[in-house]
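Chemist: Structure incoming, see below.
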Amino acid sequence: MAITIGTSNLEPNLSNGSVGVKVAQLAKEQQQVEGDIALQLVQAADPAPQSAPVGNSGHNINTTA
């Protein structure tokens, strides 16, 4: 079995503009999906805001041992 790069079967299909449009649409959809996944990953890595401590408990550190 031989593999040839410039086959004549593909040229009529590629000369048709609708194939190029469909490929562009699929590429755009794939980029949107990957962007959504990346955004979800960044949002998941963001730590939840922590509440401020109440009172003075734990704020005083004994530096003399």
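Laboratory data are not the source of any read-out in this text; all were calculated from the coordinates shown. All values reported here derive from a predicted model rather than from experimental measurement. Positions of Cβ are generated from backbone atoms using ideal geometry, with glycine treated the same way; all protein chains shown enter the neighbour counts.
Chemist: Using a 7 Å offset from the Cα along the Cα-to-Cβ direction at both Ala52 and Ala24, what is the distance between the two label points in nm, to one decimal?
Modeler: 5.4
Chemist: How would you rank 38-51, 18-31, highest first, on the average number of other Cβ atoms within 10 Å across their residues? Numbers along the way, then the final one.
Modeler: Numbers: 38-51: 7.5, 18-31: 10.3.
Those peptides, ordered most packed to least, come out 18-31, 38-51.
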